[in-house]
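The values are calculated or read from the model by the stated rules, or taken from the named source; none is laboratory data. Values in this document were obtained by computation on a predicted structure and should not be read as measured data. Cβ placement follows ideal geometry from the backbone for every residue including glycine, while neighbour counts extend to all protein chains displayed.
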Amino acid sequence: MTLKTFFQIPLVRFGVHFVIVAGFLISIWHFYALWEMEKRIDKERTILDILVQENSDARNERDYFTSELYQEKYAKQENFKVRGEEVIDTSVIEPTSEDEVGNYISPVVSEEKSNPVKWLEYLFGKQER
């Protein structure tokens, strides 16, 4: 029996075709599984990048909130004072209400001019000094 006659047997032909089709289907299934895995890996990488950024932000916040500069700023906002520091009461200098601020009148009172007077001055070149 030669090789040519061996492959002419219907059962052998069917077996060879079955192996080829099965191999093709297994390859397609394998590529699909790899594609799904790559998709999940990309999703996890995105989540990892977000978590790394949040971790970095949290470290920066922790460093800021534990720094001496922030502690001093917080102490000043809460009206704490450093040992040996003398606090000056500025309530005597600063106005206590909005009424005192709103009643200020400047010593220089500007003269209100009517619109036609302003136009005449503009057109004929009267210059203010």
**Q.** Close pairs from the stretch 73-100: first surrounded by 10 or more Cβ atoms within 10 Å (Cβ to Cβ), partner at pLDDT 70 or above, Cβ under 7 Å, at least 6 apart
**A.** Lys81/Val87
**Q.** Lone unmet requirement of (1) over 26 Å from the mean Cα position of the chain (by Cα); (2) surrounded by 10 or more Cβ atoms within 10 Å (Cβ to Cβ); (3) modelled with pLDDT of 70 or more for Arg59
**A.** (1)
Q: Any residue in the stretch 43-55 that's surrounded by 10 or more Cβ atoms within 10 Å (Cβ to Cβ): show its pairings with residues that are assigned to a helix (DSSP H, G or I) at Cβ separation under 6 Å, as long as the two are six or more apart or on different chains.
A: none
Q | Selection from the stretch 39-71 of residues that are part of a helix (DSSP H, G or I), closer than 30 Å to Val82 by Cα and among the polar types (S, T, N, Q) | A | Asn60, Gln71
Q. What's the number of the condition Val108 fails, among (1) modelled with pLDDT under 95; (2) within 41 Å of the chain's Cα centre (by Cα); (3) aliphatic (A, V, I, L, M)?
A. (2)
